[in-house]
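As structure tokens, the structure follows; a few thoughts come after it.
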Amino acid sequence: MSVIHTLCVFVGLVVFVKYKYCDPLTSHMISKHDQIFPYFVTEIGASVPGISGLFIAAICSGSLSSMSANLNALSGVIYKDIVYFFLKKKLSDKSGSGILKVIVLAVGTLSTGLVFTIGLLGEIISVSILVASLSLGPLLGLFTLGVLFPKANSKGAFYGSLGGFVAVGILAIPAKFYEMRGFLKYPTKPLSISSCSLFNQTLTETNFASFNTPALNDSVTFQPPSFFKISFFYYTFFGAVMTIIFGLIISCMSKSDILVDRKLLSPLIYKCLPKECREEEKMACVSLQNSSEIRA
């Protein structure tokens, strides 16, 4: 994954250098930032037959493989945690297989329908990061809570993750609403259209001014609170921090004795453990009231 992410960064740098002096969005060659990479592929591959087709085939095959795995995993979770929990006495192997297929079909149909809704929410990058951060933020917070804080317990983990989920929603959903209404705009890198050629004519400064007519909402003086101006790239981090904070508070309030295996904690916090727990042969200790008590 590191190699893939590195390649994606280099591809983004190449696209930026290519259109630094001829921004397709400003010159109205594309209507959204999401379209810039397909536009780049079609422009570069225009002289080479088949390049655009290979690009589309790669996108479709990659998305289909990911979607099939995600649909099967989500259907399995729904079946195991919900359907099987309530109907385990009435289910057989044959009926369970049929229910799984129905769940996959229902989830796939719902996902296909949501495609038309996501298209109305603006740019796909911010929407995808927003949706992912609702789960990835609390999940990161849960792992961090477990390996760095011995006092964390099950109640703290549950309510902490729930609090992190709600906190990200309170931040991200209004911010997306403000962005769609034009009240919130994220700064971009400096771009120009000085080297563009449209209809075989070089754009002049007069043309440039016409392409940058202010939007309808630009004249509105309303400014969203600074809290909602946080970049969507920080939503996952924000969710993780809130999960840890809520989890620690709930864990301290619940005051339940739990046995923490030393092997489950990060070596970074070994020095913060009670003296008895620092010994290599002591593999577990109680983390709350009776933190000095050692249990085998």
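The values are calculated or read from the model by the stated rules, or taken from the named source; none is laboratory data. Just so you know, these numbers come straight off a predicted model, no measurement behind them. All Cβ positions, glycine included, derive from the backbone under ideal geometry; neighbour counts span all protein chains shown.
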statement: Counting only residues that are in contact with a helix residue (DSSP H, G or I) (Cβ under 8 Å, 6 or more places away or on another chain) and exposed (fewer than 15 other Cβ atoms within 10 Å of the Cβ), the stretch 47-71 contains a total of 2
query: If the Cβ limit is 7 Å and pairs must be 6+ apart or interchain, which residue in the stretch 1-23 that is closer than 18 Å to Thr42 by Cβ pairs with which residue that is aromatic (Phe, Trp, Tyr)?
result: Val15/Phe37; Val15/Phe40; Lys18/Phe40
field: Matching residues in the stretch 1-24 - criterion: being assigned to a loop (DSSP other than H, G, I, E, B) and touching a helix residue (DSSP H, G or I) at 6+ places or on another chain (Cβ under 6 Å)
entry: Pro24
Residues of the stretch 240-284 classified as of a type in the set (A, V, I, L, M) and modelled with pLDDT of 85 or more, total: 9
field: Those residues of the stretch 25-42 which are part of a loop (DSSP other than H, G, I, E, B) and surrounded by 10 or more Cβ atoms within 10 Å (Cβ to Cβ), in sequence order
entry: Leu25, Thr26, Ser27, His28, Met29, Ile30, Lys32
query: Of Ala132, Ala106, which residue is in the same structural domain as Ile230 (by TED's automatic domain parsing), assigned to a helix (DSSP H, G or I), at pLDDT 85 or above and loosely packed, with under 15 Cβ neighbours inside 10 Å?
result: Ala132
- prompt: Filter the stretch 163-185 for residues that are of a type in the set (D, E, K, R) and in a helix (DSSP H, G or I); which is farthest from Phe227 (Cα to Cα)?
  reply: Arg181
task: Identify all residues within the stretch 186-239 that are modelled with pLDDT of 75 or more, hydrophobic (A, V, I, L, M, F, W, C), under 30 Å from Gly163 (Cα atoms) and not in a helix (DSSP H, G or I); write none if there are none.
output: Ile230
- line: Only one of (1) under 27 Å from Pro174 (Cβ atoms); (2) at pLDDT 80 or above; (3) among the polar types (S, T, N, Q) does not apply to Thr117, and that is (2)
query: Just checking, how many residues over the stretch 135-162 are part of a helix (DSSP H, G or I) and surrounded by fewer than 20 Cβ atoms within 10 Å (Cβ to Cβ)?
result: 14
- prompt: Is it the case that Lys101 is within 27 Å of Ser68 (Cβ to Cβ), basic (Lys, Arg), out of contact with any strand residue (DSSP E or B) (no Cβ under 7 Å at 6 or more places or on another chain) and in a helix (DSSP H, G or I)?
  reply: yes
- request: Select from the stretch 222-244 the residues that are surrounded by fewer than 16 Cβ atoms within 10 Å (Cβ to Cβ) and over 16 Å from Ala132 (Cα atoms) and list them in ascending order.
  value: Phe222, Gln223, Pro224, Pro225, Ser226, Phe227, Lys229, Ile230
